[in-house]
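Heads up: the structure comes next, in structure tokens.
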Amino acid sequence: MSLSKNPAFNLKAVLQETGIAADTLRAWERRYGLPLPQRTAGGHRLYSQYDIETIKWLMSRQAEGLSISRAVDLWNEHNASGVDPLAGFNPSNLITASAT
């Protein structure tokens with residue numbers, strides 16, 4: 001199954017889908033460049049399904065005990081080795097917690 005990278009979801013939809021706080025998501029984008037949403041002409045963020053699953057993946061790594069910076073490092077290591085970090089990822093068991 002291939003996840004769409006078409007930017008189709010606004011910030012509100014992403015927050016509802018993931019349970020992440022808006023401030024936390026903005027901080028991740030600013031500090032780590034993950035996810036990197038596209039922008040509308042008016043400057044509003046638009047996220048793809050791939051972006052949403054990326055957020056869930058990062059939150060899952062935090063639930064396992066990693067810091068967000070280590071989770072981002074792990075994401076980048078996977079990408080650098082040519083492996084999609086989301087390959088085989090099943091977010092259905094995601095524990096939604098305060099992710100800061």
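Quick note: the coordinates plus some simple rules give every number you see, no bench work behind them. Keep in mind that what you see is a predicted model, and the values were worked out from it rather than measured. Methodologically, a virtual Cβ is constructed for each residue, glycine included, from the backbone with ideal geometry; neighbour enumeration extends over all protein chains shown.
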Query raised in the report: Which of (1) 15.6; (2) 13.7; (3) 16.9 is the computed Kirkwood radius over Cα pairs in Å for the structure on display?
Result: (2)
Query - Hz values of 3J(HN,Hα) by residue in segment 69-82 - Karplus curve (6.51, -1.76, 1.60), Gly and Pro given as x - result: 5, 5, 4, 5, 4, 4, 4, 5, 4, 4, 4, 5, 8, x
**Report entry** Protection proxy ranking, peptides 35-43, 64-72, average beta carbon neighbours within 10 Å, highest first
**Finding:** 64-72, 35-43
Query raised in the report: What's the extension gain from Asp23 to Asp73 if we count 0.36 nm per residue and subtract their Cα-Cα distance?
Result: 15.9 nm
